[in-house]
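Enquirer: For reference, the structure I am asking about is given below.
The values are calculated or read from the model by the stated rules, or taken from the named source; none is laboratory data. Since the structure is predicted, the reported quantities are computational estimates derived from the model, not experimental observations. Here the Cβ is made from the backbone with ideal geometry for all residues, glycine too, and neighbour counts use every protein chain on show. Note: areas computed on protein heavy atoms with side chains; ligands, DNA, RNA excluded. Shrake-Rupley method; radii C 1.70, N 1.55, O 1.52, S 1.80 Å.
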Amino acid sequence: QVQLVESGGGLVQAGGSLRLSCAASGTIGSINYMAWYRQGPGPQRELVAAMTSGGSTNYADSVKGRFSISRDNAKNTVALQMNSLKPEDTGVYYCLARADGYRYWGQGTQVTVSS
């Protein structure tokens, strides 16, 4: 079992920055993939950024060059640095971890970007 807790969301003006953090606990040694998703006004969560245990990353086209995902193994956290935020980045951001073939989700943190 893996437990995830996100933090760092809030209200920011367009052009500003936020840093989200996801703290993992439980059987974290089995985690081989972590990612950030967001839920906007549409029905589906979209992948924002992901990182494998080997350090490979990928990003949604809409955030490339603005967002950066990183992992601190010593602190068992994964962060999402979001710069040059746009109103369309607004949504609930969820942390995902994949371990032993299972997916684990955090509770989400709200990010609101005002124009």
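Enquirer: If you go through segment 78-115, how many residues are on the phi < 0 side of the Ramachandran plot, small (Gly, Ala, Ser) and in a loop (DSSP other than H, G, I, E, B)? Don't jump to the end; show me each part of the working.
Expert: Initially, segment 78-115 is screened for residues on the phi < 0 side of the Ramachandran plot, giving 78-83, 85-90, 92-99, 102-107, 109-115.
When the remaining residues are screened for being small (Gly, Ala, Ser), the result is 79, 97, 99, 106, 114-115.
With in a loop (DSSP other than H, G, I, E, B) added as a condition, the list becomes 106, 115.
Going through segment 78-115 one residue at a time, the tally reaches 2.
Enquirer: Which residues, counting only those in segment 33-53, are at pLDDT below 90 and either open to solvent by 40 Å² or more (accessible area, probe 1.4 Å) or in a strand (DSSP E or B) (or both)? Walk me through how you get there before you give the answer.
Expert: At the first step, the residues of segment 33-53 found to be at pLDDT below 90 are 41-43, 53.
Pro41, Pro43, Ser53, listed by residue number.
Enquirer: While we're here: Scan segment 83-101 for residues that are touching a residue at least 40 places away in the same chain (Cβ under 8 Å), under 30 Å from Asn32 (Cβ atoms) and more than 15 Å from the chain's Cα centre (by Cα) and jot them down.
Expert: Scanning segment 83-101 gives Ala99, Asp100.
Enquirer: A follow-up question, please. Does segment 76-87 include one or more residues that are touching a Cys at 6+ places or on another chain (Cβ under 7 Å), among the β-branched types (Val, Ile, Thr) and surrounded by 15 or more Cβ atoms within 10 Å (Cβ to Cβ)?
Expert: There is at least one residue in segment 76-87 that is touching a Cys at 6+ places or on another chain (Cβ under 7 Å), among the β-branched types (Val, Ile, Thr) and surrounded by 15 or more Cβ atoms within 10 Å (Cβ to Cβ).
Enquirer: Looking only at residues in segment 1-19 that are over 19 Å from Phe67 (Cβ atoms) and of a type in the set (S, T, N, Q), which one is surrounded by the most Cβ atoms within 10 Å (Cβ to Cβ)?
Expert: Keep residues of segment 1-19 that are over 19 Å from Phe67 (Cβ atoms), which gives 1-3, 5.
Going one step further and asking which of them are of a type in the set (S, T, N, Q), we end up with 1, 3.
Working: Gln1: 10, Gln3: 14.
So, considering only residues that are over 19 Å from Phe67 (Cβ atoms) and of a type in the set (S, T, N, Q), the one surrounded by the most Cβ atoms within 10 Å (Cβ to Cβ) is Gln3.
Enquirer: Run Cys22 past the list (1) of a type outside the set (Val, Ile, Thr); (2) free of Cβ contacts under 8 Å to residues at least 12 places away in the same chain; (3) part of a strand (DSSP E or B); (4) open to solvent by less than 60 Å² (accessible area, probe 1.4 Å) and report the number of the one that doesn't hold.
Expert: So Cys22 meets the others, but not (2).
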